[in-house]
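The values are calculated or read from the model by the stated rules, or taken from the named source; none is laboratory data. All figures in this text were calculated on a predicted structure; none of them were measured in a lab. As a convention, Cβ positions derive from the backbone with ideal geometry for all residues, glycine included, and neighbour counts pool all protein chains shown. Remember, those area values only see protein heavy atoms, side chains included, never the ligands or the DNA or RNA. Shrake-Rupley method; radii C 1.70, N 1.55, O 1.52, S 1.80 Å.
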Amino acid sequence: MKGNRKHSFLLVLGLSLLIVSCKANHSEELHLQSTATSSKPVIMILIDSLMDKPLREAIQKGSVPALQYLMAHGHYYPQMVSSFPTMSVTIDSTLLTGTYADQHHVPGLVWYSGKENRMIFYGNGPKETLKIDQPQVLIDAVYQLNHVQLNKQIKTIHEELAEKGKQSASINGLVFRGKTEHTLKVPPLLANTTSLPQQWKVTGPTLLSYAAFAQLDPANSKNAQLWNKYGMNNLFSAHDTAFLITQKKLPSVTIAYFPENDMAVHKKGVSQLKGIEKADQALQVVLNAYGSWDQAIQKAVWIVMGDSAQSAVLDDRQAATVDLRTLLNRYRIARLNQPVGANEQIVISANERMAYIYVNDDKIPLSDVVKRLQNEGKLDLIAINDGKNVQVTAGKNNRTLTYRPGGEDKDEYGQTWTISGDPSLADITITNHRIKYGKYPDVLARLHGAMHSHEGRYVVVTIQPGYELVTESSPTHIGGGAHGSLHELDSLVPFLIVGTDTRPKTMRIVDVKDWIMQVVNE
């Protein structure tokens, strides 16, 4: 969940909404001993919207000493490929499962479920939030995401570690499903005045920390107050991670999420450094828990990474936004504040710089919707699934690219494809059956994942850098930054490793989980 959208269910708590606390017996859990005696614990720090260029500028400025120290003692890879859509819930699902959306089944921050006949929001802009069932946003973001929508047939890293007798921790992670039972208890005031249940039973890693929902460190409640975004902040994550270190209770793997840089980039733009500097200050809290930074890198394996990047949005609202409702105004489009009825032909789920456009009327060919979208030159890639192939075109463009998995053409990740049409449409070159990607990294697999991520007849559309897709009340980031698309500006993030000379088999987030499992078992 990003910027105005990310954790907006927590930000909207300022409107006296969505406060939840966790009743798991953490004091008992903290007395459990890790079974990882032969290998160093792995600490992953996930800094939202961390990008290579501003990171390097901050290092040159000398304002991020912790990150500078880790880079000097580790291995740095500036172009790790994210998932698609480049939105946190989908990326985190890929990170924790080692699969793309066709397998983990979390399509985006906003999407339409034909099974439930409703829009799914994991937290979006405040205007959208005020128009929808706000308690349902919390239910979707905390419970449904982890226990219903995330594919139960695909194991998370927390589940796999538990099966191997190893413990793990999630600190402010959006996706946290594991095998240890926790009880989330809703405060009586909200339980009595909203449709929220009094409590949820959830399964997570051995140690689960989630903002106002749960703290590992009893003293960390000061960072979980209303004015501190109810704990969805860097210092909350840092202090709970540091607590595990000082108490010598680090499990085999700890994943800690630092959210605030994303908000700064959305608001101030892709060149701002303040968000990275704040993340570094929180990282210093974690490193200091070891007594010295030299001790920190000797006693643990460190991973610091971004989840997705952002591209700059023009500062003129009219020029920067494309309203999908205008392009599709000949159809009956579902409204946010109403159930999707039988008469609604189109449902639009905008995820900043990409969107799912659902065609619920079987009488409307997907190709007709594509033709109307092609009238807008700012649109980038436009894709449909014909049942066998993914068909791709673009705005103001009559070229097409058709492809499917398996075939004679092999890409740099070892994936094979059958491709026809014009591959240059997706900035792909093919020489002697070898595929080389351009400005859309791993585009074939990432787009295929989104096209097969959930049921329904839908079009996937992305927009060129500089612009955002909008629909009814969707958030915008005029003059700031945004993401969601397949473009490299949204998709490439830095990846820093300290404490091991190994690395994932490819520089893709989808391959990080298997690599961490290997590191833990070294």
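For Arg332, the residues whose modelled amide H falls within less than 5 Å of its own, excluding neighbours fewer than 5 places apart on the same chain, are Gln345, Ile346.
Skip the ligands, DNA and RNA, and give the accessible area per residue of the chain with a 1.4 Å probe, whole Å².
Averaged over the residues of the chain, the accessible area is 37 Å².
Taking a straight Cα-Cα cut-off under 15 Å and skipping sequence neighbours fewer than 8 places away in the same chain, the aspartates and glutamates within cross-link reach of Lys410 are Asp442. Taking the 1.4 Å solvent-accessible surface of region 265-373 as the whole, the part contributed by carbon and sulfur is 43%. The HN-Hα couplings worked out from phi for region 314-319 by the Karplus form 6.51 cos²θ - 1.76 cosθ + 1.60 (θ = phi - 60°) are 4, 8, 10, 4, 5, 6 Hz, whole numbers, x standing for Gly and Pro.
Counting only other residues whose beta carbon sits under 11 Å from that of Glu344, what net charge do I get with K and R as +1, D and E as -1? It works out to a net charge of +1. Rounded to a whole number, what % of the accessible area of region 64-168 do carbon and sulfur atoms account for, probe 1.4 Å? The C+S portion of the solvent-accessible surface of region 64-168 is 48 percent.
Rounded to the nearest 20 debye, the dipole size of the chain about its Cα centre is 440 debye, using +1 on the Cβ of Lys and Arg and -1 on the Cβ of Asp and Glu. Distance between the 7 Å Cα→Cβ label points at Lys115 and Lys371: 3.5 nm.
Summing Lys and Arg as +1 and Asp and Glu as -1 over all other residues whose Cβ lies under 14 Å from the Cβ of Leu283 gives a net charge of -4.
Summing charges over neighbours of Asn223, with a neighbour being any other residue whose Cβ is under 10 Å away from its Cβ, gives 0 when K and R count +1 and D and E count -1. With a ≥ b ≥ c the root eigenvalues of the C-alpha gyration tensor of region 421-502, is it rounded (a/c under 1.5), prolate (a/b larger than b/c) or oblate? Oblate. Length available on full extension from Ser63 to Gln247: 0.36 nm per residue minus the Cα-Cα distance, which gives 63.3 nm. Taking every alpha-carbon pair under 8 Å whose residues sit at least 6 apart, the chain reaches a relative contact order of 25 percent. Karplus-based coupling profile of region 501-517, in residue order and whole Hz: 9, 8, 7, x, 5, 9, 8, 9, 4, 5, 9, 6, 4, 4, 5, 4, 4, with θ = phi - 60° in 6.51 cos²θ - 1.76 cosθ + 1.60 and x standing for Gly or Pro. For the chain, the alpha-carbon coordinates run over 62, 61, 44 Å along the three principal axes, in decreasing order. Across region 428-442, the residues whose backbone nitrogen lies under 17 Å from the label position 7 Å along the beta-carbon direction of Glu408 are 429-436.
Please give the charge dipole size of region 286-392, origin at the Cα centre, charges +1 on K and R Cβ atoms and -1 on D and E Cβ atoms. Round to the nearest 20 debye. Present the calculation step by step, with values, prior to reporting the outcome.
On the way: 12 positive and 13 negative charges, 59 e Å.
That gives a dipole near 280 debye.
Quick one: angle between helix 52-61 and the longest Cα principal axis of the chain, in degrees between 0 and 90, rounded to 10, please. Result, in degrees: 40. For Met232, the amide hydrogen comes within under 5 Å of the amide hydrogens of Ala212, counting only partners 5 or more places away or on other chains and with H modelled in the peptide plane.
Comparing Met354, Tyr440, Val493 along the charge dipole axis of the chain, the residue lying farthest to the positive side is Met354, per the Cβ-charge model. For Ile120, the residues whose amide H sits under 5 Å from its own are Trp111, Tyr112, Ser113, ignoring neighbours fewer than 5 places away on the same chain, with H placed 1.01 Å from N. Over the chain, DSSP H runs of length four or greater, each weighted -39,500 (n - 2.57), average out per residue to a 222 nm ellipticity of -7000 deg cm²/dmol.
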